[in-house]
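Participant: Got a structure for you, questions after.
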Amino acid sequence: MVNYKHITDETYWIGGSDRRLSRFENIFPLRDGVSYNSYVIMDEKIALFDTADISISDQFLENLKGLLGDKKLDYLIINHMEPDHCSQIANVVALYPDVTLVGNAKTFTFLSQFFPELNDQTKQTIAEGEELSLGKHTLTFVMAPMVHWPEAMFTYDKTTGALFSADAFGTFGAIDAGIFADEYDFEKRFLDEARRYYANIVGKYGMQVQAVLKKAAGIDIKYICPLHGPIWRENIAWFIDKYQKWSTYEPEDDEIVVIYGSLYGHTESAAQKAAELLREKSGKAVRIYDVSQTHQSELIAEIWRCKKIVLFCPTYNNGIYIPMENLISDMVALTVQNRVFALAQNGSWAPASGKLMTEKLSTLKNVNIVEPMLTIKSALHETDEAELNAFVNAVVEA
Ligand code: FEO
């Protein structure tokens, strides 16, 4: 059934949600689906902002045709060429063959790679700050390179103050019965997923996010219309502040996360005891995760949230326990910064994971790796209490 929604003057949401997808990008488990947002401005000229993922193509095309009726589409503005938003470009062109595709030079490089059959379609190449009038609405373009693809850009409607922000300000999670963030308890319903989405997908590009946030600070934003998740029209500054923190790698919470790997439970037992002492001595919230049981993307999101990260890791094949090694490699790839790390290694005959973890984590910017490291030979016992306490005290004081 056709299902588009009015946002503000002549501006509509025509997206949909996929609640069947188990893993976004075939990597990130979805607890609660994901939405693919697409927007239309119905002015003298009609503009469509991005298309949608193939999984919701029927709903998207039905919404588009239902909203436009017998009117023709003048412009398809392509803010992002990743297939979860561009998959329907050829189908839109088939429905509206006179449509002009609007994008930057890189947009059209990718368009040609994904859709060589559209090489002869009418195109309008725009650059930073250029304007496009639809009649009452005047659009301007803000380049957002590497947030998180090179061609990404925002489109700002100077008439309504709506910022079409591509993937920025998006989140995992299907759209329920409301399209606006203020129709939800956002912190309860979406914040953890918004953080997980940011950290894992955009996290590496903090500097580029900072550059575009600086540009956005100069414009009067009344609506943020992202490609995933609800639309912002209230408390916009609150969510921009989250992006400010996330993109500068500043911890949101002065809390401690303990992540352990454990083959038979001995390292887990040590991590549990340390976490209890950390809670007791610091008075701060402590969360414990099993690196083999919690998806890496959830752990990355917790690392983005918390100030202190305590890793308990067995030695495996003279190296780092594989799931922990994968997590640390992901931290390095995502350029985690500004954190306190504390390391505990276990090894029954030649503990080596602590030194190896130190080497990898030392490549990150502005990290403090707490001394002393805790070394466990097979299991912790009451006789190790002094060493455990010294380790915990060092974490608390760091
Ligand atoms: Fe939602 Fe970068 O695509």
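The values are calculated or read from the model by the stated rules, or taken from the named source; none is laboratory data. Just so it is clear, the model here is predicted, and its values are computed rather than measured. Neighbour counts run over all protein chains shown; Cβ positions are idealised from the backbone, glycine included. Surface accessibility is based on the protein's heavy atoms, side chains included, excluding ligands, DNA and RNA. Shrake-Rupley method; radii C 1.70, N 1.55, O 1.52, S 1.80 Å.
Participant: Excluding Phe391 itself, what net charge comes from residues whose Cβ is under 15 Å from its Cβ, given Lys and Arg +1 and Asp and Glu -1?
Facilitator: Values: positive: Lys273, Arg279, Lys281, Lys308, Lys377; negative: Glu276, Glu280, Glu371, Asp384, Glu385, Glu387, Glu397.
Net of charged neighbours comes to -2.
Participant: Continuing with the same structure: If Lys and Arg each add +1 and Asp and Glu each add -1, what is the summed charge of the other residues whose beta carbon sits under 9 Å from the beta carbon of Gly173? Working shown, then result.
Facilitator: Working: positive: Arg31, Arg189; negative: Asp32, Asp176, Glu193.
Summing Lys and Arg as +1 and Asp and Glu as -1 gives -1.
Participant: Please list, in order, the residues from segment 88-121 whose amide nitrogen is less than 12 Å from a point placed 7 Å along the Cα→Cβ vector of Lys72.
Facilitator: Counting backbone N atoms under 12 Å from the label point, the list is 96-100.
Participant: Which of rounded, prolate or oblate describes segment 350-398 when judged by the alpha-carbon gyration tensor and an a/c cut-off of 1.5?
Facilitator: Details: a/c = 4.60, a/b = 1.41, b/c = 3.27.
Here segment 350-398 falls in the oblate category.
Participant: Give me the one-decimal Kirkwood hydrodynamic radius in Å for segment 1-69, with the sum taken over alpha-carbon pairs.
Facilitator: Details: mean 1/r = 0.0786 Å⁻¹.
In segment 1-69 this quantity evaluates to 12.7 Å.
Participant: Moving on to the next point. Can you sort His295, His266 by solvent-accessible area, 1.4 Å probe, largest first?
Facilitator: His266, His295
Participant: Compute for segment 151-221: radius of gyration divided by Kirkwood radius, i.e. Rg/Rh, restricted to C-alpha atoms, rounded to two decimals. Spell out each step's value before the answer.
Facilitator: Values: Rg = 13.4 Å, Rh = 13.6 Å.
Ratio of gyration radius to Kirkwood radius for segment 151-221: 0.98.
Participant: So which GluC sites (Glu not before Pro) in segment 38-119 end up in coil per DSSP with only 15 or fewer other C-beta atoms within 10 Å? Working shown, then result.
Facilitator: On the way: sites: Glu44, Glu62, Glu117; in loops: Glu44.
Those that pass, being in a loop and sparsely packed, are Glu44.
Participant: Let me ask something else. Considering amide H positions built from the backbone, and no H for Pro or chain starts, which residues 5 or more places from Leu76, or on another chain, come under 5 Å of its amide H?
Facilitator: Leu48, Thr100, Leu101, Val102
Participant: Could you tell me what percent of the accessible area of the chain is made up of carbon and sulfur, with a 1.4 Å probe and every protein chain present?
Facilitator: Values: 7900 of 16460 Å².
C and S fraction of accessible area: 48 percent.
Participant: Please compute the per residue accessible area over segment 73-170 with all protein chains in place, 1.4 Å probe, rounded to a whole number of Å². Could the numbers behind the result be given before it?
Facilitator: On the way: 3250 Å² over 98 residues.
It amounts to 33 Å² per residue over segment 73-170.
Participant: A further question follows. Counting only other residues whose beta carbon sits under 10 Å from that of Thr335, what net charge do I get with K and R as +1, D and E as -1? Display every interim value, and only then the final one.
Facilitator: Details: positive: Lys204, Lys365; negative: none.
Its environment carries a net charge of +2.
Participant: Could you calculate, for segment 251-398, the ratio of the Cα radius of gyration to the Kirkwood radius, expressed as Rg to Rh?
Facilitator: Values: Rg = 13.7 Å, Rh = 14.9 Å.
A ratio of 0.92.
Participant: Something else about it: Within straight cross-link reach of Lys65, meaning Cα distance under 17 Å, which lysines are found once same-chain residues fewer than 8 apart are removed?
Facilitator: Lys5, Lys45
Participant: With the Cα gyration tensor of segment 160-296 giving a ≥ b ≥ c as the square roots of its eigenvalues, does the rule (a/c under 1.5 for rounded; else a/b larger than b/c for prolate; else oblate) give rounded, prolate or oblate? Working shown, then result.
Facilitator: Numbers: a/c = 2.44, a/b = 2.14, b/c = 1.14.
Judged from the Cα gyration tensor, segment 160-296 comes out prolate (a/c at least 1.5, a/b above b/c).
Participant: Calculate for the chain the 222 nm mean residue ellipticity that helices alone would give, adding -39,500 (n - 2.57) per DSSP H run of length 4 or more and normalising by residue count, nearest 500 deg cm²/dmol. Intermediate results must be reported in sequence, preceding the final value.
Facilitator: Numbers: 12 runs with 123 residues, N = 398.
Helix-only estimate at 222 nm: -9000 deg cm²/dmol.
Participant: Which longest uninterrupted range of the chain lacks any chymotrypsin sites (Phe, Trp or Tyr not before Pro) assigned by DSSP to a loop state (not H, G, I, E or B) and surrounded by at most 10 other Cβ atoms within 10 Å? All intermediate terms of the calculation are to be shown ahead of the outcome.
Facilitator: Details: sites that count: Tyr264, Trp349.
Longest stretch, sites excluded: 1-263.
Participant: Give the value in nm², to one decimal: projected area of the alpha carbon convex hull of the chain, averaged over all directions. Provide the component values of the computation, followed by the final result.
Facilitator: Numbers: hull surface 81.5 nm².
Reported value for the Cα convex hull: 20.4 nm².
Participant: Which value in nm describes the separation of the simple spin-label points at Gln124 and Ala394, placed 7 Å from the Cα toward the beta carbon?
Facilitator: Once both label points are built, they end up 6.2 nm from each other.
Participant: Quick one: angle between helix 266-282 and the longest Cα principal axis of the chain, in degrees between 0 and 90, rounded to 10, please.
Facilitator: For 266-282 against the chain, the angle is about 80 degrees.
Participant: Who wins for biggest fluctuation among Val367, Val102, Val202 in a Gaussian network model of the chain, springs between alpha carbons below 10 Å?
Facilitator: Ranking Val367, Val102, Val202 by mean-square fluctuation puts Val367 first.
Participant: Which FRET efficiency value, to the nearest 0.05, do you get for Lys214 and Ala333 by plugging their Cβ-Cβ distance into 1/(1 + (r/R0)^6) with R0 = 25 Å? Don't jump to the answer; show the numbers that get you there.
Facilitator: Numbers: r = 25 Å, r/R0 = 1.00.
Approximately 0.50, to the nearest 0.05.
Participant: Continuing with the same structure: Taking amide hydrogens as modeled 1.01 Å from N in the peptide plane, which residues meet the under 5 Å criterion relative to Leu374, leaving out close sequence neighbours?
Facilitator: Those lying under 5 Å, H to H, from Leu374 are Leu343, Ala344, Gln345.
Participant: Using a 1.4 angstrom probe with every protein chain in place, what is the largest-first accessible-area order of Ile288, Ile236?
Facilitator: Details: Ile288 55, Ile236 20 Å².
Sorted descending by solvent-accessible area, the residues read Ile288, Ile236.
Participant: Related question: Could you list which residues have their amide H under 5 Å from that of Ser133, counting only those 5 or more apart in sequence or on another chain, with H placed in the peptide plane?
Facilitator: Leu139
Participant: Turning to a different aspect of this structure: In degrees from 0 to 90, rounded to the nearest 10, what is the angle of the helix 296-305 Cα long axis to the longest principal axis of the chain?
Facilitator: Computed tilt is about 90 degrees.
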